[in-house]
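> One structure coming up, written as structure tokens, with questions to follow.
The values are calculated or read from the model by the stated rules, or taken from the named source; none is laboratory data. The shown structure was predicted, so the numbers you read here are calculated from the model rather than taken from an experiment. Cβ placement follows ideal geometry from the backbone for every residue including glycine, while neighbour counts extend to all protein chains displayed.
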Amino acid sequence: MKQVITTLAMTFAVGLNVMAQKEKQSNMETTTELSNKDKAVALLNSFNTGDHEPIGYINSEKYIQHNLMVGDGLAGFGAVMQHAPEGGFKANVIRAFQDGDFVFTHTEYDFFGPKAGFDIFRFESGKIVEHWDNLIEVKPANPSGRTQFDGETKITDLDKTETNKKTVTEFVEKVIMNHEMDKLTTYINPNKYIQHNPSVADGLDGFGAAMKYFAENGMVMEYTKLHKVLGQGNFVLTVSEGKFGKGDHTSFYDLFRLENGQIVEHWDVIETILPKEQHKNTNGKFGF
């Protein structure tokens, strides 16, 4: 175990040195022709390979961290890598998307145990300068037999990105936040709604049953603020703040797939926000 951790630490240190040398050569120089999406995926895949080159896709002078369990900047990233468990971390990127300067991914992790996660990276001049994420433990398949990862992956309808983002924004604001349930079938296809939440079955019946369970057991699922909407084609990700369960301060990441202007598939990661005294950086969970 000590040998593995030492190797990871050395890899990280070598990566920083290589990156610094390249940046000194030219701040405008790019080492590859990769898209921002490719760079983000390469960085996550480096957990598997130990390749230090993708660390160079991070801006060494400006890396703002919104994972509250990680220190700010490259030092915080390096500290995580140096405390990797035996065998290191693993990341299997299931879906990856790009919206302007933002890249967002849906990933199956082995990160101090099996996790499902969404990551958001913001780029400036081809370098990662900011990172957000939401993580939750991997759970058994839901009542419809669906996992937190399976389902459609193909990106289509690139010409409908903005329209789909508008549809999802209205759904979250009107149905989820304002409880205008009469508009539910305006936004969700009642005949084809595939659900990947570990506790909820497919269809509107599954959605209704989940809401009934929450009400009967004194539990809440309250969205109080929609912070960010990102999309590419038929996929849209929303980042929201609210309360969940017994009223815990919560971050909601919801990924929707749309067909013909309606939501037909949904994945999510719901993470409790740490108390302020436990934060390892001062950037906040959101801050878009």
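> Any chance segment 27-48 includes a residue that's of a type in the set (Val, Ile, Thr), at pLDDT 95 or above and in contact with a Phe, Trp or Tyr (Cβ under 9 Å, 6 or more places away or on another chain)?
no
> If you check GLY145, GLY113, which single one turns out to be over 28 Å from GLY208 (Cβ atoms) and out of contact with any strand residue (DSSP E or B) (no Cβ under 6 Å at 6 or more places or on another chain)? It would help to see each step written out before you state the result.
Working: GLY145 fails: over 28 Å from GLY208 (Cβ atoms).
After applying the criteria, what remains is GLY113.
> From ASP150, ASP133, grab the single residue that is under 29 Å from SER35 (Cα atoms), acidic (Asp, Glu) and surrounded by fewer than 20 Cβ atoms within 10 Å (Cβ to Cβ).
Sole residue among the options that is under 29 Å from SER35 (Cα atoms), acidic (Asp, Glu) and surrounded by fewer than 20 Cβ atoms within 10 Å (Cβ to Cβ): ASP150.
> Please specify each residue of segment 108-135 satisfying the condition of being farther than 22 Å from GLY73 by Cβ and in contact with a helix residue (DSSP H, G or I) (Cβ under 9 Å, 6 or more places away or on another chain).
Passing the criteria: only ASP110.
> Something else: Please state which of the following conditions GLY287 fails to meet, knowing it meets all the rest: (1) buried (at least 17 other Cβ atoms within 10 Å of the Cβ); (2) on the phi > 0 side of the Ramachandran plot.
For GLY287, the exception is condition (1).
> List the number of the failed condition for THR282; all other conditions in (1) surrounded by 20 or more Cβ atoms within 10 Å (Cβ to Cβ); (2) of a type in the set (Ser, Thr, Tyr); (3) more than 25 Å from THR107 (Cα to Cα) hold.
Among (1) surrounded by 20 or more Cβ atoms within 10 Å (Cβ to Cβ); (2) of a type in the set (Ser, Thr, Tyr); (3) more than 25 Å from THR107 (Cα to Cα), the lone unmet condition for THR282 is (1).
> Another question, if that's okay. Taking segment 47-95 as the search range and keeping residues that are of a type in the set (S, T, N, Q) and farther than 25 Å from GLY151 by Cα, which one is surrounded by the most Cβ atoms within 10 Å (Cβ to Cβ)?
By that ranking, first place goes to ASN67.
> Please go through segment 193-220 and give me each residue that is among the charged types (D, E, K, R) and at pLDDT 95 or above, ordered by number.
First pass over segment 193-220, keeping only residues among the charged types (D, E, K, R): 202, 205, 212, 216.
Passing the criteria: only ASP202.
> So, one more: Looking at (1) farther than 20 Å from ASN67 by Cβ; (2) touching a residue at least 40 places away in the same chain (Cβ under 8 Å), which one does GLU271 not meet, given that it meets all the others?
Tallying (1) farther than 20 Å from ASN67 by Cβ; (2) touching a residue at least 40 places away in the same chain (Cβ under 8 Å), GLU271 fails exactly one: (1).
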